[in-house]
1. What does the copy distance list look like for residue A:45, label position 7 Å along Cα→Cβ, in nm and ordered from shortest?
2. Only counting other Cβ atoms within 10 Å, I'd like A:76, A:69 sorted with the fewest neighbours first.
3. For each of A:10, B:11, count neighbouring Cβ atoms within 10 Å of the residue's Cβ, then give the residues from fewest to most.
4. Suppose you put the label 7 Å out from Cα in the Cβ direction; list, shortest first and in nm with one decimal, how far residue B:75 is from each other copy's label.
5. Can you pull the one-decimal nm distance between simple spin-label points at residue A:41 and residue A:67, each 7 Å off the Cα toward Cβ?
6. Per-residue Cβ counts within 10 Å, from other chains only, averaged over B:34-45: what number is that?
DNA sequence: TCTTCATATGAACCACAATTCATACGTATT
DNA sequence: AATACGTATGAATTGTGGTTCATATGAAGA
């Protein structure tokens with residue numbers, strides 16, 4: 001492990017409900033900002049801000065296309081992580097706190 | 001995946017420098033609170049607060065021993081995650097932001 | 001070049017998580 | 001039972017990241 005802090009920023013993304021939703025949405029297929037705002041029903045600037053920090057951490061990448069900007073997931077990076085999250089965290093995350101949170105309702 | 005929000009709390013621990021340090025320290029061997037405060041050079045109440053939330057999320061567990069409380073890492077849960085972090089995030093986390101953070105210096 | 005559409009950006013604001021500090025609790029020792 | 005030690009806890013404060021809103025940018029079309 002490079003140094004203890006290398007992953008701090010990385011995990012802060014996964015601990016953000018909106019960013020996590022973006023990741024999962026982009027996992028299905030690349031999308032532009034408008035598509036994301038409407039499918040997640042979240043305000044445009046929120047989406048843009050979130051995408052910008054995801055991009056900075058190499059989790060997503062952009063491709064301009066006309067006036068649109070197509071965002072896509074850097075699958076090679078994040079997919080193994082998502083898979084592990086699915087098997088492991090899913091198995092062990094049984095604390096009450098986790099259950100209470102309803103991120104989809106908020107963001 | 002159970003629901004999008006199940007992992008929110010879980011990852012919020014990994015995105016916290018102090019908690020991450022605790023995890024890494026406990027990975028070496030189980031320790032009591034005093035040992036943790038002195039090896040990480042962090043105030044006792046900070047450690048206690050952090051440990052308490054890690055415990056709530058099943059990341060660590062406690063065993064009372066006299067007046068001490070021995071904390072240990074729930075390796076089966078967290079180790080595969082740490083391993084994946086090591087191989088993957090290490091490879092892709094090259095953004096400037098990540099490099100700037102010096103968690104060991106702060107917490 | 002003017003307008004429109006798609007997106008980004010900055011700054012003020014707000015919410016929540018972390019820190020701090022004082023104190024309480026529990027266990028052992030005398 | 002009184003004290004000391006190890007740890008936990010609560011409440012007030014601080015700090016940080018997320019939200020909001022207004023506005024800027026940039027590309028395309030008229």
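1. In nanometres, ordered from closest: 3.8.
2. Working: A:76 10, A:69 15.
The order, fewest Cβ neighbours first, is A:76, A:69.
3. On the way: A:10 27, B:11 21.
Final ranking by Cβ density, sparse to dense: B:11, A:10.
4. 3.5
5. Spacing of the two 7 Å Cα→Cβ label points: 2.7 nm.
6. Numbers: counts 0, 0, 0, 0, 0, 0, 0, 0, 0, 0, 0, 0.
Rounded to a whole number, the mean comes out at 0.
All of the numbers you see were taken from the coordinates with simple rules; none came from a lab. Owing to the predicted nature of the structure, the values given are computational and were not obtained by experimental measurement. Note that each Cβ is placed from the backbone with ideal geometry, even for glycine, and that neighbours are counted across all protein chains shown.
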